[in-house]
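Below you'll find the structure, written out as structure tokens, and then a few comments.
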Amino acid sequence: MSKSLAAKRAVMRWKRNTIDTTDGLLKPQKRWEDIINAIVEQPLIVDRNDPIVSHRDEKVFVYMKAVFTKVGEINTTKENFYVEVFLQAKWREPRLDGQTNIIKSSIKWEEYWNPKIHIDNGVGEIKETIWPTVMFNANGEALICERRKVKGCYSETMELQEFPFDTQDLNMTVVSERNCNEIGFLNDIEHSLISQNSFVQNQEWLVYNYVDVQFGEVKKVYENSGQVLHPTVTFVVRTQRRFQFYVYNFILVLFFINTMTFTTFAVSHEKPENRLQLTFILLLTTVGFRTNVNNVLPKISYLTKMDKIILTSFVIQCIICIWHSIVVLIKKSPPASLAAATATVLLNEVSNATIMATPVTDSGLDTVWIDRYVFLASFLVYIVIHLIFGLLIYLQTTQKSNEFSQKEIEMKQLEAISAAENSPPTD
């Protein structure tokens, strides 16, 4: 760019000398000096792809930090979330070394190397406000610090296998248009943070007070780059769904509906139409619950915990329906003796006991007991299944909570150690 500027000056001097040698075309010579100075003082439009600006012989490491100032709605159905982030990137700039007295507002940032970073998983319009500055360490070495305020929605593939007892990682991925041979990302000495007070959905989600930083590579195609590997840095905010709403309004109510299905055994087995009618009503109620659950979930190809609970309810109710249909088809066993009799005691008005020998056949006695055995066995299995399910859910959620809480404590300890190391010594 300095060669281009020198060429402009040479051309203007040549024009000035040429016209000054003519008679009276431009008498005031000072005017040409003003024109030259005006051209020199005009801001130059610098192409960032120009080799002088964009290329460095050595690999440049960029130190990244993110502060989540606001976490908005987490939309499970659309699989996206809204956040406002303060993003900071720092890198060395040797061309500014030692210029500690430089006026920062006079720096032409477009003339210096830039990492060309942007948000990779943004959805729709992402609003960015960027303001660069320069920093110097104790040795006078310069670091360009590019700060930006980012607002918008970001896509996130929700992992809903454990819904509604799930935890979600909200990822914001930053990628550079430069390849991995030109640039590398590192974690800033100042740790990334999240403001819990600005979390909008505190009633539905629990957000942990730390930000995990992950580095990776991705193969993308950019202008003048081809399909090569580009470095990425992902800032992860971990959240856990508050499942109490779904337990009280879905799972517990569904448990009561299934329990009421067993009350159909109170109707005589000789009236299957009444039993089936009651069971079908409860089955349709379960279908309604299934529809409500679908409204809060995206269309996914796997089963969630809630899906498994509802399908288990369907299976139990269908088995009971089938039993009510076939119980009347069970034939009674033949009597051991047609002459068998039982003694029946009747009390008369004067409290005198009369023993009458009445022949009784065992009409339907075996079928009644079989029906009772089926009721007791199925109800026992039903209770055991729910107890095991509740125990597994409790252990799983407790384990995840302890894991994330421990990670939160470790991050706070690292921040305290880092703050102590960077604090100035006291007398």
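Quick one: in segment 173-192, of everything that is within 21 Å of the chain's Cα centre (by Cα) and over 15 Å from Tyr63 (Cβ atoms), which residue is surrounded by the fewest Cβ atoms within 10 Å (Cβ to Cβ)?
Taking the candidates together, the pick is Thr173.
This table checks each residue for (1) in contact with an Asp or Glu (Cβ under 7 Å, 6 or more places away or on another chain); (2) modelled with pLDDT of 90 or more; (3) not assigned by TED's automatic domain parsing to the domain that holds Leu297.
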residue	(1), (2), (3)
Thr76	no, no, yes
Phe81	yes, yes, yes
Glu84	no, yes, yes
Asn101	no, no, yes
Ser105	no, no, yes
Lys116	yes, yes, yes
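Please enumerate the residues belonging to segment 120-143 that are assigned to a strand (DSSP E or B), aliphatic (A, V, I, L, M) and over 34 Å from the mean Cα position of the chain (by Cα).
The answer is Val134, Met135, Ala142.
Among the residues of segment 89-107, what is the count of those that are touching a residue at least 40 places away in the same chain (Cβ under 8 Å) and among the polar types (S, T, N, Q)?
Residues flagged as touching a residue at least 40 places away in the same chain (Cβ under 8 Å) and among the polar types (S, T, N, Q) within segment 89-107 amount to 2.
When you go through (1) in a helix (DSSP H, G or I); (2) in the same structural domain as Asn75 (by TED's automatic domain parsing) one by one for Val207, which number turns out not to apply?
With respect to (1) in a helix (DSSP H, G or I); (2) in the same structural domain as Asn75 (by TED's automatic domain parsing), Val207 is out only on (1).
Working only within segment 85-109, note down all residues that are surrounded by 15 or more Cβ atoms within 10 Å (Cβ to Cβ) and outside any loop (DSSP other than H, G, I, E, B).
Val85, Phe86, Leu87, Gln88, Ala89, Lys90, Trp91, Arg92, Leu96, Trp109
All but one of (1) part of a strand (DSSP E or B); (2) loosely packed, with under 14 Cβ neighbours inside 10 Å; (3) aromatic (Phe, Trp, Tyr) hold for Phe235; state the number of the condition that does not hold.
Evaluating Phe235 over (1) part of a strand (DSSP E or B); (2) loosely packed, with under 14 Cβ neighbours inside 10 Å; (3) aromatic (Phe, Trp, Tyr) leaves (2) as the failure.
Determine whether segment 25-41 contains at least one residue that is in a helix (DSSP H, G or I), modelled with pLDDT of 85 or more and surrounded by 16 or more Cβ atoms within 10 Å (Cβ to Cβ).
Checking segment 25-41: not a single residue is in a helix (DSSP H, G or I), modelled with pLDDT of 85 or more and surrounded by 16 or more Cβ atoms within 10 Å (Cβ to Cβ).
Rundown of residues vs (1) modelled with pLDDT of 90 or more; (2) surrounded by 14 or more Cβ atoms within 10 Å (Cβ to Cβ); (3) more than 28 Å from the chain's Cα centre (by Cα), yes/no style:
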position: Asn171; (1), (2), (3): yes, yes, no
position: Val207; (1), (2), (3): no, yes, no
position: Gly226; (1), (2), (3): no, no, yes
position: Pro231; (1), (2), (3): yes, yes, no
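Can you tell me which residue is nearest to Asn202 (Cα to Cα) among those in segment 61-84 that are surrounded by 16 or more Cβ atoms within 10 Å (Cβ to Cβ) and more than 19 Å from the chain's Cα centre (by Cα)?
It comes out as Lys65.
Filter segment 294-318 down to the residues that are among the β-branched types (Val, Ile, Thr) and loosely packed, with under 15 Cβ neighbours inside 10 Å and list them by number.
Once the filter is applied, which keeps residues that are among the β-branched types (Val, Ile, Thr) and loosely packed, with under 15 Cβ neighbours inside 10 Å, segment 294-318 yields Val296, Val315.
Being closer than 19 Å to Lys400 by Cα and not polar (S, T, N, Q) is true for just one of Asp188, Asp166. Which residue is that?
Within the list Asp188, Asp166, the selection yields Asp166.
Go through (1) over 13 Å from Phe68 (Cα atoms); (2) touching a residue at least 60 places away in the same chain (Cβ under 8 Å); (3) surrounded by fewer than 17 Cβ atoms within 10 Å (Cβ to Cβ) and name the single condition Asp166 misses.
(3)
Of these, Leu365, Leu380, which one is at pLDDT 50 or above and closer than 30 Å to Thr312 by Cα?
Among Leu365, Leu380, only Leu380 is at pLDDT 50 or above and closer than 30 Å to Thr312 by Cα.
The values are calculated or read from the model by the stated rules, or taken from the named source; none is laboratory data. Not measured: the values here are computed from a predicted model. In this analysis, Cβ positions are derived from the backbone assuming ideal geometry, glycine residues included, and neighbour counts consider all displayed protein chains.
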